[in-house]
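These notes concern the structure reproduced below.
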Amino acid sequence: MHYCELIKADCANGPGVRLSLFVSGCTNCCKGCFQPQTWAFDYGEEYTPEVEEMILEEVKKPYYRGLTILGGEPMEPCNQAGLINLLKTFKQQNPEKDLMMFTGFTYEQDLLEGQRKHTPFTDEILDLVDILVDGKFIESEKDIRLKFRGSRNQRIIDMKETRKTGSVVLSQLNN
Ligand code: SF4
């Protein structure tokens, strides 16, 4: 896996102060994507065990509310495999902090069992994530007033409630 950016003390990509990791590679090809350079899976730097260790050390600092994973596309199958250890370890070490993820895939149509982006890691990742922003960026639905979303079709999902109830529960962050 490669990553294109790591932002420390980020206040733009989720609630509170966050550590944000942008992974490389995306096949969604959204028209109007603001970072098409991240579509290439080999863009940016190689994600090594040393990088992972540095992220896990950094995010322990008390002023971080959580970890945000963006892209590119974190839920591309190869990126799911590349991220699983980080996400599991983050949650084990920081049970009080939250995990947010942005995906261009749609939860019910792409990520559930039997769907095109479901892998042996998907369910575990979806159980670890607290807040999932899903859906492609659609230029005609673009709205700069939206918080944490680029277009109106995208949803901010409360994953803990969604996994518990079996149907999508939207987060209060949508309001
Ligand atoms: S999912 Fe994100 S990175 Fe991928 S094409 Fe769409 S806007 Fe760009």
Hey, could you pull the Cα Rg and Dmax for the stretch 126-175, both in Å?
11.4, 33
For the cross-link pairs Lys97/Lys147; Lys88/Lys160; Lys60/Lys88; Lys61/Lys142; Lys97/Lys136; Lys61/Lys164, which exceed 25 Å when the distance is taken from alpha carbon to alpha carbon?
Lys61/Lys142; Lys97/Lys136; Lys61/Lys164
Kirkwood hydrodynamic radius, computed over distinct alpha-carbon pairs, for the chain: how many Å, to one decimal?
16.1 Å
Using the basic label-point model (7 angstrom from Cα toward the beta carbon), what is the Leu112 to Thr48 distance in nanometres?
4.2 nm
If we sort 10-21, 138-149 on the protection proxy, mean other Cβ atoms within 10 Å, highest first, what's the order?
10-21, 138-149
Please list, ordered by chain and number, the residues whose modelled amide H lies under 5 Å from the amide H of His2; skip anything fewer than 5 residues away on the same chain.
Ser24, Tyr47
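Taking the Cα centre of the chain as origin, work out the dipole magnitude from +1 charges on Lys and Arg Cβ and -1 charges on Asp and Glu Cβ, in debye rounded to 20. Please list the in-between numbers first.
Working: 21 positive and 27 negative charges, 146 e Å.
Once rounded to the nearest 20, the dipole reads 700 debye.
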Taking the Cα centre of the chain as the origin and placing charges on Cβ (Lys, Arg +1; Asp, Glu -1), which of Ile131, Leu87, Asn28 is farthest toward the positive end of the dipole?
Ile131
Among Val17, Leu173, Tyr63, whose Cα sits farthest toward the positive end of the charge dipole of the chain (+1 at Cβ of Lys/Arg, -1 at Cβ of Asp/Glu, about the Cα centre)?
Leu173
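Run through every distinct alpha carbon pair of the stretch 9-112 and return the Kirkwood hydrodynamic radius in angstroms, one decimal place.
Details: mean 1/r = 0.0697 Å⁻¹.
14.3 Å is the Kirkwood radius here.
Summing Lys, Arg as +1 and Asp, Glu as -1, what charge do residues with Cβ under 14 Å from the Cβ of Glu139 carry, Glu139 excluded? Don't skip to the end; give the middle numbers.
Details: positive: Lys31, Lys136, Lys142, Arg149, Arg152; negative: Glu141, Asp143.
Residues close to Glu139 contribute a combined charge of +3.
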Cβ neighbours within 10 Å, averaged per peptide: list 93-104, 45-56 in order, most packed at the top.
93-104, 45-56
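Values in this text are rule-based calculations from the coordinates and carry no lab data. None of these values were measured; they are calculated from a predicted model. Don't worry about glycine lacking a Cβ; one is built from the backbone with ideal geometry, like all the others, and counts go over all protein chains shown.
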